[in-house]
Amino acid sequence: MKDYHLLLVFLTAFGVVLMSTPSLIKVAKLKHLVDEPSEERKLHTRSIPTIGGIIIFSAFIFSCFLWYPDHVPKALEELEEFNYLMACLILLFFVGVKDDIIGMSPMKKLMAHLMVGFILVVMGEIRITSFQGLLGMDLEQIPEYASILISIFTYIVIVNAINLIDGVDGLAAGIGLISAGAFGLWFSYLGDVHWALISFALCGSLLGFLFFNFNPARIFMGDSGSLCIGAILSVLAIKLISSPVDNLPADFQNVSKPILAMTILAYPLLDTLRVFSIRIAKGKSPLSADKNHLHHKMLEKDPNHKKTVILIYLFTIAMIAQAFFIQFKNPNISFLISLGFCGLFVLFVFYIYPNKSKKKSA
């Protein structure tokens, strides 16, 4: 597949979202498929449609099927994985749509996630097979069931992490765009057109959606969007960890792939770990809703949505860059450095980020 094919994948998804979203917004308002600003933890002050995931999902699926590289032998070999992923996305899409419109119990959503995890990991064999020495772990030396359990756990964590950061205008879509772009560049450098296509199709969908979701948002993606995005990113992360590095420039062949995958998704993973730890420490369910996320803390100090999400975008880009340019033969050192950057960001949010709310009240 030529580079212009990847550009066509991106532009197709982008164009579908850009042209279709205004009509979806009108229909959603007419049918009252909106999120009302009734709950205390919600940040918006007006009714906003919540079914933007319909457009993200549709544009992604359409672009992937339209430009799937069936003339490339390796892509044909990976067609089975592609089919399993698409089947799972359809299931998650309908789960998300139901949750957006009439609500869905956490237990039923968990059952859906376990089903999707089983299909992807057991049937599709999209699994983590090695951590390449990170924390002394090498899954090739332990039973296969451990690889399956860790892979399903990874999928569930990433999907829920993306879902949890969908609380500020443009945050989940922007982080998804940056992450998919990083995965896309990685796979295109490797010559893996199959996963590069999937990455850039997601990029195009999310960039188009950001035109309507960036503050002030005219539409939210809802669970129908965040669940599908999380599933795609989880699969891309798992495939990155198992990908070869022979086609990469020599300077990047020593990059720790597990750490790179984690840094690409640094903000959602960091925020989810922090929030879950606090909730469990307080004796609450880790899935209970609150306004204790890092982006909420930033908005408490400065109620500027654009500034908040742009700073988090920059943090994500910085994390990806340091994974490439700060390399050590021992992956544990790189892991500690990445943790250090995450810790510095948390300190920045709580102790350095200017508190404009106090100045106004004074």
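Identify all residues within the stretch 9-45 that are under 22 Å from the mean Cα position of the chain (by Cα) and modelled with pLDDT of 75 or more; write none if there are none. The answer is 9, 10, 11, 12, 13, 14, 15, 16, 17, 18, 21. Residue 255 passes every criterion in (1) among the hydrophobic types (A, V, I, L, M, F, W, C); (2) in a helix (DSSP H, G or I); (3) in contact (Cβ under 8 Å) with a residue 60 or more places away in the chain apart from (2). Restricting the first member to the stretch 105-124 and to residues that are within 14 Å of residue 231 (Cα to Cα), and the second to residues that are polar (S, T, N, Q), the beta-carbon pairs closer than 7 Å and six or more apart or on different chains are 121/151.
Residues checked against (1) farther than 30 Å from residue 111 by Cα; (2) surrounded by fewer than 24 Cβ atoms within 10 Å (Cβ to Cβ); (3) modelled with pLDDT under 95:
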site: 187; (1), (2), (3): yes, yes, yes
site: 194; (1), (2), (3): no, yes, yes
site: 208; (1), (2), (3): yes, no, no
site: 216; (1), (2), (3): yes, yes, yes
site: 240; (1), (2), (3): no, yes, yes
site: 246; (1), (2), (3): yes, yes, yes
site: 249; (1), (2), (3): yes, yes, yes
site: 258; (1), (2), (3): no, yes, yes
site: 264; (1), (2), (3): no, no, no
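Residue-wise test of (1) in contact with a helix residue (DSSP H, G or I) (Cβ under 6 Å, 6 or more places away or on another chain); (2) surrounded by 14 or more Cβ atoms within 10 Å (Cβ to Cβ); (3) more than 25 Å from residue 177 (Cβ to Cβ).
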site	(1), (2), (3)
284	no, no, yes
310	no, yes, no
320	yes, yes, no
350	no, no, yes
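Determine which member of the set 135, 110 is of a type outside the set (Val, Ile, Thr), at pLDDT below 85 and assigned to a helix (DSSP H, G or I). Result: 135 is the single residue among 135, 110 that is of a type outside the set (Val, Ile, Thr), at pLDDT below 85 and assigned to a helix (DSSP H, G or I). Being more than 25 Å from residue 170 (Cβ to Cβ) and either acidic (Asp, Glu) or under 20 Å from the mean Cα position of the chain (by Cα) (or both) holds for only one residue in 258, 268, 331, and it is 258.
If the condition is being surrounded by fewer than 23 Cβ atoms within 10 Å (Cβ to Cβ) and not aromatic (Phe, Trp, Tyr), then the stretch 86-96 contributes 86, 87, 89, 90, 91, 95.
Residue 271 versus (1) touching a Leu at 6+ places or on another chain (Cβ under 9 Å); (2) modelled with pLDDT under 90; (3) assigned to a helix (DSSP H, G or I): which is the lone unmet condition? In the conditions (1) touching a Leu at 6+ places or on another chain (Cβ under 9 Å); (2) modelled with pLDDT under 90; (3) assigned to a helix (DSSP H, G or I), residue 271 misses (2) alone. Does residue 301 satisfy being crowded, with 20+ Cβ neighbours inside 10 Å and among the basic types (Lys, Arg)? It is false that residue 301 is crowded, with 20+ Cβ neighbours inside 10 Å and among the basic types (Lys, Arg).
The single condition among (1) within 25 Å of residue 248 (Cα to Cα); (2) out of contact with any helix residue (DSSP H, G or I) (no Cβ under 7 Å at 6 or more places or on another chain); (3) polar (S, T, N, Q) that residue 338 does not satisfy is (2). Checked against the criterion of being of a type in the set (S, T, N, Q) and farther than 25 Å from residue 112 by Cβ, the stretch 217-228 has no qualifying residue. Residues that are in contact with a Cys (Cβ under 7 Å, 6 or more places away or on another chain) and of a type outside the set (D, E, K, R) are absent from the stretch 292-306 altogether.
The values are calculated or read from the model by the stated rules, or taken from the named source; none is laboratory data. Note that this is a predicted model, so its numbers are computed, not measured. Don't worry about glycine lacking a Cβ; one is built from the backbone with ideal geometry, like all the others, and counts go over all protein chains shown.
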